[in-house]
Protein chains: 2
Amino acid sequence: MYRTHTCGELRIENVGQEIVLSGWIQAIRNLGGMTFVTLRDRYGLTQIVFDENTPEKLKLKAGELGREFVIRIAGNVIERSSKNPKMPTGEIEIIISELDVLSKSEIPPFTIEDDTDGGDELRMKYRYLDLRRNPVRENLELRHKMGQEIRKYLDGEKFMEIETPYLIKSTPEGARDFVVPSRMNPGEFYALPQSPQTFKQLLMVSGFDRYFQIVKCFRYEDLRADRQPEFTQIDCEMSFVGQEDVLNTFEGLAKYLFKEIKGLSFDGSFPRITYDDAIKYYGSDKPDLRFGMKLVELTEIVQGKGFKVFDSVEYIGGINAEGCAEYSRKQLDELTAFVQKPQVGAKGLVYVKYNQDGSFKSSVDKFYGQEGLKLWAESMNAKPGDLLLVLAGNKKDTLNALNVLRLEIGDRLGLRDKDKFAPCWIVDFPLLEWNEEEKNFFAMHHPFTSPKDEDITLFETNPGEMRANAYDFVINGVEIGGGSIRIFNAELQQKMFTALGISKEETEEKFGFLLDAFKYGAPPHGGIAFGFDRWCSVFGGSESIRDYIAFPKNNAGRDIMINSPSEIGQKQLKELFLSIKK
Amino acid sequence: MYRTHTCGELRIENVGQEIVLSGWIQAIRNLGGMTFVTLRDRYGLTQIVFDENTPEKLKLKAGELGREFVIRIAGNVIERSSKNPKMPTGEIEIIISELDVLSKSEIPPFTIEDDTDGGDELRMKYRYLDLRRNPVRENLELRHKMGQEIRKYLDGEKFMEIETPYLIKSTPEGARDFVVPSRMNPGEFYALPQSPQTFKQLLMVSGFDRYFQIVKCFRYEDLRADRQPEFTQIDCEMSFVGQEDVLNTFEGLAKYLFKEIKGLSFDGSFPRITYDDAIKYYGSDKPDLRFGMKLVELTEIVQGKGFKVFDSVEYIGGINAEGCAEYSRKQLDELTAFVQKPQVGAKGLVYVKYNQDGSFKSSVDKFYGQEGLKLWAESMNAKPGDLLLVLAGNKKDTLNALNVLRLEIGDRLGLRDKDKFAPCWIVDFPLLEWNEEEKNFFAMHHPFTSPKDEDITLFETNPGEMRANAYDFVINGVEIGGGSIRIFNAELQQKMFTALGISKEETEEKFGFLLDAFKYGAPPHGGIAFGFDRWCSVFGGSESIRDYIAFPKNNAGRDIMINSPSEIGQKQLKELFLSIKK
């Protein structure tokens, strides 16, 4: 038998028992006559003691042990003389009587400690060793727990988990599909799903009423730090619902998870913010609501005062950095440099200090007197001691720059506490987005999203103005999920495809089955998909989804541990009817 | 609002309430002044009534309704005068006051009834309509419930569900891999996992101790009726365990599922049968234990009596078809024809009737007198009224033919009741299997399976005789799962690869990461993988796993509903650095 207990289990009540443990050697301390071995498994740590009474043979064996060896020991539980209150097993230790080395270990390439000395690359190459570290294991424990709780909640709400296929058909956004050559159908390919969207809609047509699935999805795109070619969605769909039904149902899920996982309760509904308001007040459709500091537009009150920089632009707006009037020249220069970075893209930064004595000091004193600046301060609800930061330019870019600046100031003021959670819904998204390069509309959410009833007539007159029955779920400025009420009518769906410039032939080829299905009685339906990796990372307080994936890929889409992707043999290529053309 | 209740919900207590329902029209009956509409959703059926008091406008609308239209109705719940005890809502009906057609339906290509008139092909093409039928929906409900219960049980046993990657590396059995061309790494491919085997072993090296995952796996092979290119496994692995630990843990899971899903309890442990015994007594490593009728070898007692057919063969064996002595000439001829079918492959069938009067009548009376046949009967535990069926030939093929014959007789005698369940473990499998064509050993389970400790020395002398720490879980003659205690030592693993004729280079290329991992302290570990689709089908009493998959593929690996696989564009091929060579 390998063990009677785990390494996290023994307590003062177990004193006197003969036990068997197995695990990894975390540490060995040799103090002259005594040797202490800390044994580790998933459940905890236990101290093993070799003392003066330990048989010589065991002591000799102990000399050959090393870090990360896997051993099995038998021994007697005794009370520790110097207890360790930080360790759950810290009241006891084991006087060893048997020792078997189950596996030796070479010296690991980095230390298996909470704070390791291993760099990113090295830890990815030896991911199986990185996974031994407590913080990484705890991330996956959180993920496991979230998965179980999500299923428990949705099962309780009568959602059925139904598996949809992985080998499907390439879609119009096919450029981002992973494809899979068929061996039995020469020259033909499957595609891996970017999402189970069409299948879950078919399940609604089938009458399944409430569906969910925690499912891998695949998307080939330029990988950023927080993107992975394969990622996991909590995919959900419901029939006979409107937008509020969906929002309320999944607000229920979110509240359940906040309660079960984070121990947090929320009074009332999560805020629902229209897309227009989100852009207006936060410069972003995923606002971080852990703090206020709303954007204020100043265009009207600041233009026409002779300041050419302002007079020549579309939009001027600012934020109020409360209590920051004492910022030094250096700090203000830093902020100016920050907003001028290419990824922020502002031309410059105008500041106004609202001094404690009620006077104003600004970088535009030449154009705006004390009275003028007072107007600014009033618009922005500022009080003495506050600092106003103002940007100008075209509306879209300036709002975006203000968003970034707001988050930066939020960080500097410690307003973005990772233990605080501010969830919200963003609603009333535009249906279509104009792509200037391709001179074409794109679906802002996806082509199956329904327009607001009252906007449908705009298809003919002003498609860009249509609003969608689409919504995003945002926590702390991170988009956790998004969904929509779907089109469930073949005609309207065809209209949508036309607006997107997808030809009848392509529609038929790619989505014929869905339009066919709509001919046989489709219910009104809608749903949502959450990014499971991202939700875990937000709950875990990390910026990177990679920390919540057991075996992630790097930025080039490679798994450097198994060295994949890799070449395949000519025989295999031939069987797939393929040849390589580099 | 689309509904206040579902179509399966209303009872006599609801009489008098104003309610709203939505659903599909299952049936319309027009009885002169009255029209009855049966409304269906996932939860049940409710009868809607248009009577003489119904406003003319609604009656007109009713005339335009058809089967499978999706409608929303409002109305008042009344008690039915003629109740339908077969329907949970059969005590009430709804007097309609509002009617909205949400979606029209064309006439479906087959009837949406429990017994449909649609053929296989048609139902697959319109799978979304087939899924509306009760028996198909109930199959997926069973699957959903099994999935939730499996997770509940394993979570309770401290197993962690950890997702392993789908885009992995091609393996030596790569001929059966689905591959995925990489766009960012020209000429390179990922492979889809045939199973997460190596990853779950790495998780054990990482110390996760107990892992599971309900996960899609992919295998390109000649598709048979009960195979799918993508299928779902319940994949499990544990550390610090021996074979009995694994068997007991998952026997716990099986008993839990039997109890929760089928309401069945089992006393004591499931039978554990060695591979050798299974072959000897059932001619199969997946015996159907719902009935006895064990195979009996007769070689010794029947040879040397002058019957050349028997004297010239390796093996003679038979089964006792109890109570079948009255089988007619025609029935015996049928059985003879049955065993002579190419897929059974016997040359002929010898029978012995043990008549009620104690005499024997056989097809080999010429060679074996009454005394001789009595010996047969004694060996086979026969009593008057029984029929002995005997086959002869080479041992392997004859045992297999007897297995098929035994199942056939079991069917004829009604001994294979689909509501009866006889689970068992098959243990002590051979480690290696000789492939005469390729003159090579193959791993009977897989190359990571450990040999029995006492057999390890046979690597050098007689590898074919080695037994493995491998086991299968079988219910009613169907293999539900299989697993093994793994090798956890790089040297032994290398020995195994060598025995399988896998070169050092190939080993390094394909499994270097696993052998590397074993250098840093690997725990003893083992596990099992269950075929989830198959387990569902056995619990559901069906022979086909397809009935338990929402969107299955056909025998050519095609999804005929979405028409996949399909061709992709030249642009896409170019981006993948590929060209087609048919």
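The values are calculated or read from the model by the stated rules, or taken from the named source; none is laboratory data. From a predicted model like this one, the values you see are computed outputs, not experimental measurements. A quick note on method: Cβ atoms are made from the backbone with ideal geometry, for glycine too, and the neighbour counts reach across all protein chains shown. To get the accessible areas, we keep the full protein, side chains included, count just its heavy atoms, and leave off ligands, DNA and RNA. Shrake-Rupley method; radii C 1.70, N 1.55, O 1.52, S 1.80 Å.
Of all residues in the range A:98-115 being outside the structural domain of A:Phe69 (by TED's automatic domain parsing) and touching a helix residue (DSSP H, G or I) at 6+ places or on another chain (Cβ under 7 Å), which is farthest from A:Leu58 (Cα to Cα)?
Taking the candidates together, the pick is A:Asp114.
For the structure I just gave you, tell me whether A:Leu492 is out of contact with any Pro (no Cβ under 7 Å at 6 or more places or on another chain), surrounded by fewer than 21 Cβ atoms within 10 Å (Cβ to Cβ), closer than 30 Å to B:Ser579 by Cα and aliphatic (A, V, I, L, M).
The answer is no for A:Leu492.
Output the number of residues of the range A:233-283 satisfying the condition of being among the polar types (S, T, N, Q), out of contact with any Cys (no Cβ under 9 Å at 6 or more places or on another chain) and in contact (Cβ under 8 Å) with a residue 24 or more places away in the chain. Don't jump to the end; show me each part of the working.
In the first step, residues of the range A:233-283 are kept if they are among the polar types (S, T, N, Q); the result is A:233, A:239, A:243, A:248-249, A:265, A:269, A:274.
Pick out the ones that are also out of contact with any Cys (no Cβ under 9 Å at 6 or more places or on another chain) and you get A:239, A:243, A:248, A:265, A:269, A:274.
Now narrow it down to the ones that are in contact (Cβ under 8 Å) with a residue 24 or more places away in the chain: A:239, A:243, A:274.
Matching residues across the range A:233-283 total 3.
Suppose we filter B:Phe360, B:Phe367 for residues that are among the aromatic types (Phe, Trp, Tyr) and open to solvent by 60 Å² or more (accessible area, probe 1.4 Å); which single one remains?
Matching residue, one of B:Phe360, B:Phe367: B:Phe367.
Among the residues of the range A:119-133, which ones are basic (Lys, Arg), open to solvent by less than 20 Å² (accessible area, probe 1.4 Å) and closer than 17 Å to B:Leu515 by Cα?
Scanning the range A:119-133 gives a single hit, A:Arg127.
Please determine, by comparing only the residues of the range B:450-469 that are among the acidic types (Asp, Glu) and open to solvent by 100 Å² or more (accessible area, probe 1.4 Å), which one is nearest to B:Gln197 (Cα to Cα).
Our first condition is that a residue be among the acidic types (Asp, Glu); within the range B:450-469, this holds for B:453-455, B:460, B:465.
Now restrict to residues that are open to solvent by 100 Å² or more (accessible area, probe 1.4 Å): B:453-454, B:460, B:465.
Working: B:Asp453: 22, B:Glu454: 25, B:Glu460: 27, B:Glu465: 25 Å.
Only one residue fits best here, namely B:Asp453.
Residues that are open to solvent by 40 Å² or more (accessible area, probe 1.4 Å), modelled with pLDDT of 95 or more and at positive phi: does the range B:314-330 have at least one?
yes
Within the bounds of the range B:471-480, is there any residue that is more than 24 Å from B:Phe532 (Cα to Cα) and open to solvent by 50 Å² or more (accessible area, probe 1.4 Å)?
Within the range B:471-480, none of the residues are more than 24 Å from B:Phe532 (Cα to Cα) and open to solvent by 50 Å² or more (accessible area, probe 1.4 Å).
B:Asp117 passes all but one of (1) more than 7 Å from chain A (Cβ to nearest Cβ); (2) closer than 30 Å to A:Phe189 by Cα; (3) not aromatic (Phe, Trp, Tyr); which number fails?
Going through (1) more than 7 Å from chain A (Cβ to nearest Cβ); (2) closer than 30 Å to A:Phe189 by Cα; (3) not aromatic (Phe, Trp, Tyr) one by one, B:Asp117 breaks only (2).
For B:Gly527, work out the one condition from (1) surrounded by 22 or more Cβ atoms within 10 Å (Cβ to Cβ); (2) part of a helix (DSSP H, G or I); (3) out of contact with any Leu (no Cβ under 9 Å at 6 or more places or on another chain) it doesn't fulfil.
(2)
If you take the residues of the range A:5-36 that are within 15 Å of A:Gly90 (Cβ to Cβ) and of a type in the set (A, V, I, L, M), which of them is least open to solvent (accessible area, probe 1.4 Å)?
So, considering only residues that are within 15 Å of A:Gly90 (Cβ to Cβ) and of a type in the set (A, V, I, L, M), the one least open to solvent (accessible area, probe 1.4 Å) is A:Leu10.
Name the single residue, out of those in the range A:469-492 being assigned to a loop (DSSP other than H, G, I, E, B) and among the polar types (S, T, N, Q), that is farthest from the other protein chains (Cβ to nearest Cβ).
Pass one, the range A:469-492, residues assigned to a loop (DSSP other than H, G, I, E, B): A:469, A:476-477, A:487-489.
Of the ones still in play, those that are also among the polar types (S, T, N, Q) are A:469, A:476, A:489.
On the way: A:Asn469: 14, A:Asn476: 24, A:Asn489: 7 Å.
The extreme case among them is A:Asn476.
Restricting the range A:493-529 to residues that are in contact (Cβ under 8 Å) with a residue 60 or more places away in the chain and within 19 Å of A:Phe459 (Cα to Cα), which is nearest to the other protein chains (Cβ to nearest Cβ)?
Result: A:Ile502.
Of all residues in the range A:539-582 being in a helix (DSSP H, G or I) and of a type in the set (A, V, I, L, M), which is nearest to the other protein chains (Cβ to nearest Cβ)?
Here is the first cut: in the range A:539-582, the ones in a helix (DSSP H, G or I) are A:539-540, A:545-548, A:570-575.
Add one more test, that the residue is of a type in the set (A, V, I, L, M), and what stays is A:545, A:573.
On the way: A:Ile545: 12, A:Leu573: 8 Å.
By that ranking, first place goes to A:Leu573.
Looking at (1) more than 9 Å from chain A (Cβ to nearest Cβ); (2) open to solvent by 20 Å² or more (accessible area, probe 1.4 Å); (3) in a loop (DSSP other than H, G, I, E, B); (4) free of Cβ contacts under 8 Å to residues at least 40 places away in the same chain, which one does B:Met87 not meet, given that it meets all the others?
Checking B:Met87 against (1) more than 9 Å from chain A (Cβ to nearest Cβ); (2) open to solvent by 20 Å² or more (accessible area, probe 1.4 Å); (3) in a loop (DSSP other than H, G, I, E, B); (4) free of Cβ contacts under 8 Å to residues at least 40 places away in the same chain, the one that fails is (4).
Does A:Gln201 qualify as being more than 7 Å from chain B (Cβ to nearest Cβ), touching a helix residue (DSSP H, G or I) at 6+ places or on another chain (Cβ under 9 Å) and at pLDDT below 95?
No.
Being in contact (Cβ under 8 Å) with a residue 12 or more places away in the chain and facing chain B (nearest Cβ under 7 Å) narrows it down to one residue among A:Ser170, A:Ser195; which is it?
A:Ser170
Name every residue in the range A:182-192 that is part of a strand (DSSP E or B) and within 7 Å of another protein chain (Cβ to nearest Cβ), in order of residue number.
Within the range A:182-192, A:Phe189, A:Tyr190 meet the criteria.
Is it the case that B:Glu437 is of a type in the set (Asp, Glu), open to solvent by 70 Å² or more (accessible area, probe 1.4 Å), over 26 Å from B:Tyr471 (Cα atoms) and not in a helix (DSSP H, G or I)?
yes
So if I check each of A:Glu260, A:Glu300, A:Glu251, A:Glu244, which one is charged (D, E, K, R) and assigned by TED's automatic domain parsing to the domain that holds A:Asn403? Give the derivation first.
Details: A:Glu260 fails: assigned by TED's automatic domain parsing to the domain that holds A:Asn403; A:Glu251 fails: assigned by TED's automatic domain parsing to the domain that holds A:Asn403; A:Glu244 fails: assigned by TED's automatic domain parsing to the domain that holds A:Asn403.
Result: A:Glu300 is the single residue among A:Glu260, A:Glu300, A:Glu251, A:Glu244 that is charged (D, E, K, R) and assigned by TED's automatic domain parsing to the domain that holds A:Asn403.
This table checks each residue for (1) among the hydrophobic types (A, V, I, L, M, F, W, C); (2) crowded, with 22+ Cβ neighbours inside 10 Å.
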| position | (1), (2) |
| --- | --- |
| B:Glu113 | no, no |
| B:Asp117 | no, no |
| B:Pro135 | no, no |
| B:Met146 | yes, no |
| B:Gly156 | no, no |
| B:Glu163 | no, yes |
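Whether any residue in the range A:207-222 is modelled with pLDDT under 95, part of a helix (DSSP H, G or I) and within 7 Å of chain B (Cβ to nearest Cβ) is what I want to check.
No: zero hits.
Could you check, for the range A:237-245, whether at least one of its residues is away from every other protein chain (no Cβ under 14 Å) and in a strand (DSSP E or B)?
no
Just the residues that are more than 11 Å from every other protein chain (Cβ to nearest Cβ), of a type outside the set (D, E, K, R) and free of Cβ contacts under 8 Å to residues at least 60 places away in the same chain, please, taken from the range B:6-25.
Of everything in the range B:6-25, nothing turns out to be more than 11 Å from every other protein chain (Cβ to nearest Cβ), of a type outside the set (D, E, K, R) and free of Cβ contacts under 8 Å to residues at least 60 places away in the same chain.
One residue is enough: does the range A:42-51 have a residue meeting the conditions away from chain B (no Cβ under 13 Å) and either open to solvent by 40 Å² or more (accessible area, probe 1.4 Å) or at pLDDT below 95 (or both)?
Yes, the range A:42-51 contains a residue that is away from chain B (no Cβ under 13 Å) and either open to solvent by 40 Å² or more (accessible area, probe 1.4 Å) or at pLDDT below 95 (or both).
Scan the range B:264-291 residue by residue and report those that are within 12 Å of B:Val404 (Cα to Cα) and open to solvent by less than 50 Å² (accessible area, probe 1.4 Å).
B:Tyr282, B:Gly283, B:Ser284, B:Pro287, B:Asp288
Quick check on the range B:52-65: of everything there that is in contact (Cβ under 8 Å) with a residue 40 or more places away in the chain and either assigned to a strand (DSSP E or B) or surrounded by 14 or more Cβ atoms within 10 Å (Cβ to Cβ) (or both), which residue is farthest from the other protein chains (Cβ to nearest Cβ)?
B:Thr54
Between residues in the range A:446-470 that are without any contact (Cβ under 8 Å) to a residue 12 or more places away in the chain and residues that are open to solvent by less than 30 Å² (accessible area, probe 1.4 Å) and in a loop (DSSP other than H, G, I, E, B), which pairs lie under 7 Å by C-beta distance while being six or more apart or on different chains?
Close Cβ pairs (under 7 Å, with a partner that is open to solvent by less than 30 Å² (accessible area, probe 1.4 Å) and in a loop (DSSP other than H, G, I, E, B)) amount to A:Leu458/A:Met466.
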